[in-house]
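Following: one structure in structure tokens, then a few remarks.
The values are calculated or read from the model by the stated rules, or taken from the named source; none is laboratory data. These numbers come from a predicted model, not from an experiment. So basically every Cβ, Gly included, is an ideal-geometry build from the backbone, and we count neighbours across all protein chains shown. For accessibility, only protein heavy atoms count, side chains too; no ligands or nucleic acids. Shrake-Rupley method; radii C 1.70, N 1.55, O 1.52, S 1.80 Å.
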Amino acid sequence: MNRQKASVSRMEGQVMLPLLPVRPPKMPSRPSPARSGAAVETLARPMVQTVAFKGRGAVSNMQGRYEVNARERFDDGWSVPGAVPASGSDAPPRTVVSEEFAKSILTRNNSPDIPFGVSLNPYRGCEHGCIYCFARPSHSYLGLSPGLDFESRIFAKVNAADLLRQELARPGYVPESIAIGVNTDAYQPCERDRRITRDVLEVLGECNHPYGLITKSALIERDIDLIAPMAEKGLACAAITLTTLDGEIARTLEPRAAAPSRRLRAIRTLTEAGIPVSVSVAPIIPFVTEPEIERILEAAKDAGAVGAHYTILRMPWEVNPLFQQWLHAHFPDRAQRVMNRIKDIRGGKEYDSDFAKRMHGEGIWADLIRQRFTKAIKRLGMDGYTGRFSQLDGAQFRRPLVVPKPPVKPTAAAAAQMDLF
């Protein structure tokens, strides 16, 4: 089937568009390390019109790569062009937060291009709905879609604080700065009521354990009373992600995150409280957010940010087709141009997972972005803050005063079926 140009019509905040048809291949049960970063240009893309709902980033609920049965929607000719579905599977999804009792809470990595080795994520899935989120493919492990399910089916790790206490109390535990909210935002909307992140910060404060926070939410201001005393002792820092200053772009790119102006105010508030704040200009999307690099850095500096870092758009696994669907929905006039530039930055591919290239890319255009960013932070005096996270002081660590008992596992006899007589 020949590829067709996307046509867009806006109806009551919704967008209807035909997308590129690609027949889904038979996917492996688990990705091998050699293929784990390969481009996902062959993942399933719907053949029928897809609805982009207001307040949601993804425009489809495409299947994850571990689904046993592949399903492909197609137009049988009976659909009415331009009609908006009123109910059913095409209705806008509502957010459902489920409680999860996690088995562990700290995640460790040895990636050479990541400035931390230990991270903590209080939630799985993220209601912010950022279309570019590299964590989207993780929902495939749950049998859910990396698309709309990722931003509407949230799992709250209600025992996070207890697990953290148990981990920090282990005799052989060696303190290492913990990055909080790296995979999914620790201050997403449900945190306002759940308060799991706050419980975690209370444990870390009790133990004088160093940590860093990264978020797009102004809710971080709620916990200044916990973060500021730790920052004063050189045990805490924060980073605010600022992808764009354009509110119109932000509303579709990261629909349920705080507005750019509100994030700038959060930077100022944290700075005034004595908390060192850096700005994460991530991801940089060619021809969408890339023209704003210098303006974002200037605005962050004016708000009080003392450092900055960036990454270029990454599209592992299902993020690739999801992002392209979003691109055709909201920027059909430049969609092909954006993808061509991404391929230039990725050595001819849509994604490259190589440690040396995945964050900043390669080639002339990647070098140009690097030079623009480096010169801007040097001109603004924001280049002396690099490595702050790794410099947090772990020597002040002390073990928790209260350690909850681990849950008792049922014995084989207790777990067996009971006798009816």
Practice item. Return the total of residues in region 175-211 being more than 16 Å from the chain's Cα centre (by Cα) and not hydroxyl-bearing (Ser, Thr, Tyr). Key: 21
Review point. Looking at SER111, is it part of a loop (DSSP other than H, G, I, E, B), open to solvent by less than 40 Å² (accessible area, probe 1.4 Å) and at pLDDT below 95?
Key: yes
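Report those strands (runs of 3 or more DSSP E) wholly inside region 194-287 carrying at least 1 residues which are in contact (Cβ under 8 Å) with a residue 24 or more places away in the chain and touching a Lys or Arg at 6+ places or on another chain (Cβ under 7 Å). It would help to see each step written out before you state the result.
Working: elements: 211-215, 236-241, 277-284.
Once the strands (runs of 3 or more DSSP E) in region 194-287 are filtered for at least 1 residues that are in contact (Cβ under 8 Å) with a residue 24 or more places away in the chain and touching a Lys or Arg at 6+ places or on another chain (Cβ under 7 Å), what remains is 236-241, 277-284.
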Check your understanding: Looking only at region 329-354, which residues are buried (at least 21 other Cβ atoms within 10 Å of the Cβ) and small (Gly, Ala, Ser)?
Key -> ALA329
Point to revise | Tabulated pairs, region 178-191, first under 15 Å from SER152 (Cα atoms), second open to solvent by less than 10 Å² (accessible area, probe 1.4 Å) and assigned to a helix (DSSP H, G or I), C-beta under 6 angstrom, 6+ apart or interchain | key: GLU191/THR197
Review point. Exactly one of (1) open to solvent by less than 20 Å² (accessible area, probe 1.4 Å); (2) closer than 28 Å to ARG256 by Cβ is unmet by VAL158. Its number?
Key: (1)
Practice item. Examine region 312-328 for a residue that is closer than 17 Å to ASP383 by Cα, in contact (Cβ under 8 Å) with a residue 60 or more places away in the chain and open to solvent by less than 10 Å² (accessible area, probe 1.4 Å), and state whether such a residue exists. Key: no
**Study point:** Count of residues meeting criterion [in contact with a Leu (Cβ under 6 Å, 6 or more places away or on another chain) and either open to solvent by 10 Å² or more (accessible area, probe 1.4 Å) or more than 27 Å from SER390 (Cβ to Cβ) (or both)] in region 243-282
**Key:** 1
Review point. Quick check: anything in region 125-139 part of a strand (DSSP E or B) and modelled with pLDDT of 95 or more?
Key: no
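With respect to LEU213, determine if the residue is buried (at least 24 other Cβ atoms within 10 Å of the Cβ) and either touching a helix residue (DSSP H, G or I) at 6+ places or on another chain (Cβ under 9 Å) or closer than 14 Å to VAL118 by Cα (or both).
For LEU213, the condition - buried (at least 24 other Cβ atoms within 10 Å of the Cβ) and either touching a helix residue (DSSP H, G or I) at 6+ places or on another chain (Cβ under 9 Å) or closer than 14 Å to VAL118 by Cα (or both) - is met.
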Review point. With respect to the numbered conditions (1) in a helix (DSSP H, G or I); (2) open to solvent by 80 Å² or more (accessible area, probe 1.4 Å); (3) within 25 Å of PRO112 (Cβ to Cβ), which one is the sole condition not fulfilled by LYS375?
Key: (3)
**Study point:** Selected residue [modelled with pLDDT under 85, open to solvent by less than 50 Å² (accessible area, probe 1.4 Å) and farther than 29 Å from HIS128 by Cβ] from ALA83, ALA91
**Key:** ALA83
